[in-house]
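Take a look at the structure set out below.
Since every read-out is calculated from the coordinates, none of them should be taken as a lab result. For clarity, every value in this text was computed on a predicted model and none was experimentally measured. Here Cβ is always computed from backbone atoms with ideal geometry, including for glycine, and neighbour counts include all displayed protein chains.
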Amino acid sequence: MPELPEVETVVRGLRAVLPGRRILSVRLGKTNFIEDPAALERDLPGSRIGSVRRHGKFIVVGLEASGGSSDGFSLLIHLGMTGQILVGPAEAPVAPHTHVFFALDDGREFRYTDVRRFGKMRLVSGGTQETVLGKLGLDPLEASQAEFFALVRSRRARIKALLLDQRVLRGMGNIYTDESLWRARIHPKRLGTNLNDAELRLLHRAMLHVLNEAIRMRGSSVSDYVDSEGRRGSFQQRHKVYQRKGKKCFRCGALIRRAIVAGRSSYFCPNCQRAPRARRRTTR
């Protein structure tokens with residue numbers, strides 16, 4: 001599933017070409033991932049795109065209604081596992097599994113392609129946007145060190161589960177959680193409340209470094225992900241642990257292991273990232 005760096009890369013690409021464009025028409029294919037497809041066909045034609053931003057793993061396209069109305073609304077898009085957004089010439093060949101076409105006033109088309117259709121698309125009014133998005137946590141790129149400390153220590157859970165919890169940090173996913181923990185030398189099964197200040201500082205710094213480096217390299221293309229121009233990311237070439245089970249650790253040479261933590265595959269070095277000690281049971 002595209003995570004924060006992939007979604008941020010797509011947003012930056014869309015932000016370079018979409019604001020100011022007017023949507024002339026809407027054509028839909030399969031719509032089982034769209035909430036109220038009729039609303040898109042009814043309300044989008046004639047609207048003007050005002051902004052494109054990321055909120056966690058969501059893409060938020062800010063729209064201005066046709067006729068100069070001051071009523072704003074937004075198109076929320078979640079890429080799911082295989083969602084792709086491309087903006088290009090209307091005459092370009094149509095990729096298989098393309099289900100959404102927005103004709104733009106500059107002769108190009110905004111197209112949404114999704115093989116598995118696990119993505120989401122919904123039109124919302126400005127006043128209901130936050131309600132629809134739900135109670136999401138802080139953005140990892142914006143959380144200060146003090147805020148990060150407080151969030152990790154706010155509940156008793158394994159650090160891997162905490163970082164993946166969108167109510168704690170919105171946008172983090174499996175890839176960048178594993179990569180951040182490896183760089184900070186922290187085992188994914190450690191309890192967040194048991195991490196000391198030095199470990200939390202290392203983790204906060206590692207997380208920011210990993211996310212920003214991944215954004216610079218346009219994300220990780222380990223499956224279907226491409227950016228808004230159809231280009232693959234290259235950060236997968238920098239992965240230190242993710243999907244490297246049985247391969248040597250780049251730091252110490254031990255073999256990378258895989259375990260299930262918080263219901264997700266977790267990759268770690270058993271030597272660099274020491275597992276927490278099990279509690280001893282006492283018998284009377």
| message | Nearest 10 degrees is fine. How inclined is helix 174-184 to the longest principal axis of the chain, computing both from alpha carbons? | response | 40
| task | Could you point to the residue in Ala95, Leu163, Ile260 farthest towards the positive end of the chain's charge dipole, with +1 and -1 charges on the Cβ of Lys/Arg and Asp/Glu respectively? | result | Ile260
| query | With respect to the cross-link table entries Lys120/Lys240; Lys30/Lys240; Lys160/Lys245; Lys135/Lys240; Lys189/Lys247; Lys120/Lys160, which display a Cα-Cα separation exceeding 28 Å? | reply | Lys120/Lys240; Lys30/Lys240; Lys135/Lys240
| query | If you rank Arg170, Arg190, Arg27 by fewest surrounding Cβ atoms within 10 Å, what's the result? | reply | Arg27, Arg190, Arg170
| What order do you get for Ser144, Ser265 when you list them from fewest to most C-beta neighbours inside 10 Å? | Ser144, Ser265
| Angle in degrees between helix 197-216 and the longest Cα principal axis of the chain, rounded to the nearest 10 | 40
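Just add up the charged neighbours of Arg185: K/R +1, D/E -1, any other residue whose Cβ is under 9 Å from the Cβ of Arg185.
Working: positive: Arg183, Arg251, Arg274; negative: Glu199.
So the environment of Arg185 carries a net charge of +2.
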| remark: In degrees, nearest 10, the alpha-carbon axis of helix 4-15 is tilted away from the dominant principal axis of the alpha carbons of the chain by 20
| remark: To the nearest 20 debye, the chain has a Cα-centred charge dipole, built from +1 on Lys and Arg Cβ and -1 on Asp and Glu Cβ, of 2520
| remark: Quick shape check on the stretch 35-111: root eigenvalues a ≥ b ≥ c of the Cα gyration tensor, a/c under 1.5 is rounded, otherwise prolate if a/b tops b/c, else oblate, and it reads oblate
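Over the chain, what is the relative contact order in whole percent, taking alpha-carbon pairs under 8 Å and six or more residues apart?
Details: 567 pairs, mean separation 49.2, N = 284.
Value for the chain: 17 percent.
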| remark: Per the C-alpha gyration tensor (a ≥ b ≥ c, the square roots of its eigenvalues), the chain is rounded if a/c is under 1.5, else prolate if a/b beats b/c, else oblate; here it's prolate
| query | From the square roots a ≥ b ≥ c of the eigenvalues of the alpha-carbon gyration tensor of the stretch 4-133, which class results: rounded (a/c under 1.5), prolate (a/b over b/c), or oblate? | reply | rounded
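Considering only DSSP states other than H, G, I, E and B, which trypsin sites (Lys or Arg not before Pro) in the stretch 98-137 qualify as loop sites with at most 16 other Cβ atoms within 10 Å? Walk me through the numbers on the way to the answer.
On the way: sites: Arg108, Arg111, Arg116, Arg117, Lys120, Arg122, Lys135; in loops: Arg116, Arg117, Lys135.
Listed in order of number, the matching sites are Arg116, Lys135.
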| field | Contour excess over end-to-end distance, with Cα ends at Arg251 and Leu24 and 0.36 nm allotted per residue | value | 76.3 nm
